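J.: Sharing a structure here in structure tokens format.
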Amino acid sequence: MFRSKNYKDSTKLYDRQTQYDPKEAFELVVKTSKAKFDETVELHVRLGVDGRHADQQVRGAIVLPNGTGKTNRVLVFCKEERAEEAKEAGADYVGGMDLVEKIQKENWFEFDTVIATPDMMGTVGRLGKLLGPKGLMPSPKAGTVTMNLKQAVSEAKAGKIEYRLDKQNIIHCPIGKVSFGAEKLNENYNALMGAIIKAKPAAAKGQYVRSCVTASTMGPGIKISTQKAV
């Protein structure tokens, strides 16, 4: 795989085999970020579970203490009588069947979070095959199927992120921007790891957190010691 000069220079700043203390790892993420834009910092956590079994699923949502640094565009599906309430809460798009058709016919995805009231899930369910693979399907576990639109929208705007296993039993989550600096990134990391550990399924056996890697958009992956996971 072709690697840029910046990437190669970045890899000289740390040891690929070392598992770093979280704070030190984020200091290295900031140091190895060479792009001309404010890179997103992601966390990749491999868990010792088998997500194919319902009793070993790990999924939830958390509002990061320092947000994600990204402007979150929120789409709300609700009945017409609650549309004004959703707009006042800060939703960017509010609607019902009109928005379902827009997504289906125009392949429209100008949003980052989807929230729905329970009475709209029959309608939203038609979008399962479109929203599901993108991780956008509203879910009670993530707090995005709710009657409390004000709270759900404000949390989404404040930097609420959803975490869930992929097919390789890895959780991928943005935890901020390089411009946050190591301290704020570490605070967000502690909050996310705390939530993941709290969500440990009773059926999980052996080591729960197998590995943890952080990286900026264009930067190299830096290993975080799982012994020091929150």
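The values are calculated or read from the model by the stated rules, or taken from the named source; none is laboratory data. Treat the numbers as computed from the prediction; the structure is a model and nothing was measured. Here Cβ is always computed from backbone atoms with ideal geometry, including for glycine, and neighbour counts include all displayed protein chains. Please note that ligands, DNA and RNA were not included when accessible areas were found on the heavy atoms of the full protein model with its side chains. Shrake-Rupley method; radii C 1.70, N 1.55, O 1.52, S 1.80 Å.
J.: From (1) more than 30 Å from G219 (Cα to Cα); (2) open to solvent by 10 Å² or more (accessible area, probe 1.4 Å); (3) part of a strand (DSSP E or B), pick out the condition that doesn't hold for V76.
T.: Condition (2) is where V76 drops out.
J.: Still on this model: Taking the condition open to solvent by 10 Å² or more (accessible area, probe 1.4 Å) and part of a helix (DSSP H, G or I), does G219 pass?
T.: Numbers: open to solvent by 10 Å² or more (accessible area, probe 1.4 Å): yes; part of a helix (DSSP H, G or I): no.
The answer is no for G219.
J.: Among the residues of segment 135-166, which ones are under 21 Å from A191 (Cα atoms), open to solvent by less than 50 Å² (accessible area, probe 1.4 Å), aliphatic (A, V, I, L, M) and not in a strand (DSSP E or B)?
T.: A142, A152, V153, A156
J.: Keeping to segment 22-72, report how many residues are closer than 25 Å to N169 by Cβ, part of a loop (DSSP other than H, G, I, E, B) and open to solvent by 30 Å² or more (accessible area, probe 1.4 Å).
T.: Count: 4.
J.: Another question, if that's okay. So T11 ticks every box in (1) polar (S, T, N, Q); (2) open to solvent by 30 Å² or more (accessible area, probe 1.4 Å); (3) at pLDDT below 90 but one. Which box is left unticked?
T.: Among (1) polar (S, T, N, Q); (2) open to solvent by 30 Å² or more (accessible area, probe 1.4 Å); (3) at pLDDT below 90, the lone unmet condition for T11 is (2).
J.: If a residue has to be touching a strand residue (DSSP E or B) at 6+ places or on another chain (Cβ under 8 Å) and closer than 27 Å to K184 by Cβ to count, how many in segment 46-88 make the cut? Before the answer, list the steps.
T.: Of segment 46-88, the ones touching a strand residue (DSSP E or B) at 6+ places or on another chain (Cβ under 8 Å) are 46-49, 51, 57-64, 66-70, 72-78, 83, 86-87.
Now narrow it down to the ones that are closer than 27 Å to K184 by Cβ: 46-47, 58-64, 66-70, 72-74.
Adding up the residues that qualify gives 17.
J.: I would also like to ask the following. Which ones in segment 79-113 are among the aliphatic types (A, V, I, L, M) and assigned to a loop (DSSP other than H, G, I, E, B)?
T.: From segment 79-113, those among the aliphatic types (A, V, I, L, M) are 83, 86, 89, 91, 94, 97, 99-100, 103; that's our starting set.
The answer is A91, and nothing else.
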